[in-house]
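Contents: one structure, followed by commentary.
Readers should treat all values here as calculations from the given coordinates under stated rules, not as data from a laboratory. Quick caveat, the model's predicted, so the values are computed rather than measured. No Cβ is skipped: glycine too gets one built from the backbone with ideal geometry, and neighbour counts run over all protein chains shown.
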Amino acid sequence: MDDTTYNAILVALLAVSILLFLRRGGSRRRPPGPRTLPVIGSVHHVVNTLVHRRLRDLAAVHGPIMTLMIGPTMPLVVVTSRELAREVLKVQDPNFANRPRLLVGGICGYGWADIIFAPTSDYWRRIRKLCIHEVLSPKRILSFQHIREEEVRRQVEAIRAAAAAGAPVNVTRMVYDISSRTISRSSFGEVRPDMPVFQDAIKRVIGLSSGFNVPDLFPRFREVLGEVSGMKRKLREIHRTFDRILVDIIEKRRGERAARIAAGKEVVDEDVVDVMLTLQQSGDNSWGFPVTDNTIKAVVLDMFAGGTGTSGSSTEWAMSEIARNPRVMRKLQEEIRSTFRGKETITETDLRNSDLKYLKLVMKEAIRLHPAAPLLVPRESIGAAELGGYVVPGGSRIVVNAWAISRDPRYWRDPEEFRPERFAEDGAPDFQGLHFEFTPFGAGRRMCPGYNYGLAGMQLALLQLMYHFDWRLPPGVDELDMEEAMGLGVRRKNPLMLCATPYVPAAPAVSAG
């Protein structure tokens, strides 16, 4: 063997060694994760589980950043630490702010025309800005005050009737009824007879939005697999159901507005559909895109999908925690009843003019333990990025386990304990997207724009329920069941049943004079 051949072999061997080294190095730099199986990847680790809890357990083994393979080719990167959540939601937000194009968004989201499903784009930025300024502004939320007051008052009277009959109150049904009726009236001015059909369609949409359905696991073959699996058929059926209702709502509001104009009366924007119709009819295209009927439908769907479950779930869990913590209930009732001593009716104006610090602490603690979206809505990386010392490939799906982080003993003392006072301590975190151990509404570009709307309803409901009633567990129940139901939003598995005793406020003291 001559020197030239010998040197060529050495160079070839060296090149192969370098390539193998780099390949091994690259594989080490991808986030670790649990064992995968052919075809399905890591999906078997989370099937038929409470996913947020299962992912927390897996993170305890594999670390605060880990990879699960969704199908054979789609990496799902799960983040379970405050520091990495900050990287995803703030530092590298531009790269991680995209949304995967799920099949449900294309069919039920009117071609990804809504805020929740729309991928990051100029259109998404404009429609989000429109909603923040026109639909979910503080002024607009305030304009719905009378609706919230009327719906809570309606339930207070229903509870009084149940208490008089000695019957337990289905608190779960009650708080979701308040939430759905309030959003119905705020969105299109009425509670329609077909609302149960509409809400059932919304629930089915949410159930198909996880990204774990077969067509969404194989993006390259999404359309074909959507047909073969029958998922497209289901989505089209759901879409026809709520689209028929939305078309009727829009046409009805449009006709009522035309009749007012013909009669020489002023047209007032009373609800979300009215606001959107005004923008549509102005024709100035000031938002940079045409406000079509499909745009209006997409915004209304977001209001229902994001609002009903969030407000109802948060209030339900808050009442659950209050009922099983008598100390908290007594302290909260004392604050509320001493503030509004002798009043028979409390309005939102009264609430805003008061300083109910403990009520706000209770709300924060309930949301910390039971965020309505325990896993923040999945994101998709636009390009490859380094995260926690690992390489996250472009096109990966990213999930922040907000539920696990908000119960992590590294950031919270006695994290499983319901202790509202923790939020009164110096340096306590808030949920406005600046403290990444507490992100129930997300942070960054994809932070929920409507969280103030939901909190307004939750605060008023808790205030009235704590002021007007004393609550206790039903006879024979010694410990409250806190089991969670499986699903994207964590609701109670079983309805919250409590007994209520009406509180009769003492007349305010009259000063001698």
>> Once you place label points 7 Å from the Cα toward the Cβ at residue 330 and residue 268, how far apart are they in nm?
In response: 4.7 nm
>> How would 310, 345 line up from fewest to most surrounding beta-carbon atoms within 10 angstrom?
In response: 345, 310
> Hey, got the dipole for the chain? About the Cα centre, +1 on K and R Cβ, -1 on D and E Cβ, debye to the nearest 20?
Replying inline: 600 debye
> So how tilted is helix 195-207 from the main axis of the chain? Cα-based, degrees 0 to 90, rounded to 10.
Replying inline: 20 degrees
> Remind me, relative contact order of the stretch 31-502 in percent, using alpha carbon pairs under 8 angstrom and six or more residues apart?
Replying inline: 24 percent
> Taking square-rooted eigenvalues a ≥ b ≥ c of the alpha carbon gyration tensor, is the stretch 254-400 rounded, prolate or oblate, where a/c under 1.5 means rounded and, failing that, a/b exceeding b/c means prolate?
Replying inline: oblate
>> Please state the shape class of the stretch 31-502: rounded when a/c is under 1.5, otherwise prolate if a/b exceeds b/c and oblate if not, all from the C-alpha gyration tensor.
In response: oblate
>> As a footprinting exposure proxy, order 470, 114, 274, 355 by other Cβ within 10 Å, with the fewest listed first.
In response: 355, 470, 274, 114
> At residue 129 and residue 251, where each label point lies 7 Å from the Cα along Cα→Cβ, what is the point-to-point distance in nanometres?
Replying inline: 3.5 nm
> Within the stretch 271-285, what residues put their amide N at less than 14 Å from the label point 7 Å along the Cα-to-Cβ vector of residue 139?
Replying inline: 275
>> Please enumerate, by chain and number, the lysines with C-alpha under 26 Å from the C-alpha of residue 297, excluding those fewer than 8 residues away in the same chain.
In response: 129, 139, 203, 232, 234, 252
>> When a/c reaches 1.5 or more, the comparison of a/b and b/c decides; with that in mind, is the stretch 39-180 rounded, prolate or oblate per its Cα gyration tensor?
In response: oblate
>> Using a 10 Å cut-off around each Cβ, can you sort 248, 271, 430 from fewest to most neighbouring Cβ atoms?
In response: 430, 248, 271
>> Under a Cβ-only charge scheme (Lys and Arg +1, Asp and Glu -1), can you give me the dipole magnitude of the stretch 246-312 about the Cα centre, in debye to the nearest 20?
In response: 140 debye
>> Around residue 99, under 11 Å between beta carbons, what's the net of Lys plus Arg minus Asp minus Glu among the other residues?
In response: +3
>> 7 Å from Cα along Cα→Cβ at both residue 158 and residue 49: what's the point-to-point distance in nm?
In response: 3.7 nm
> What does a probe at residue 30 reach in the stretch 54-76, counting residues whose amide N is under 20 Å from the point 7 Å along Cα→Cβ?
Replying inline: 58-59, 61-76
>> Using only the alpha-carbon atoms, how far is helix 357-369 inclined from the longest principal axis of the chain? Give it as 0 to 90 degrees, nearest 10.
In response: 40 degrees
> Mind checking the angle between helix 293-323 and the chain's longest principal axis? C-alpha axes, 0 to 90 degrees, to the nearest 10.
Replying inline: 70 degrees
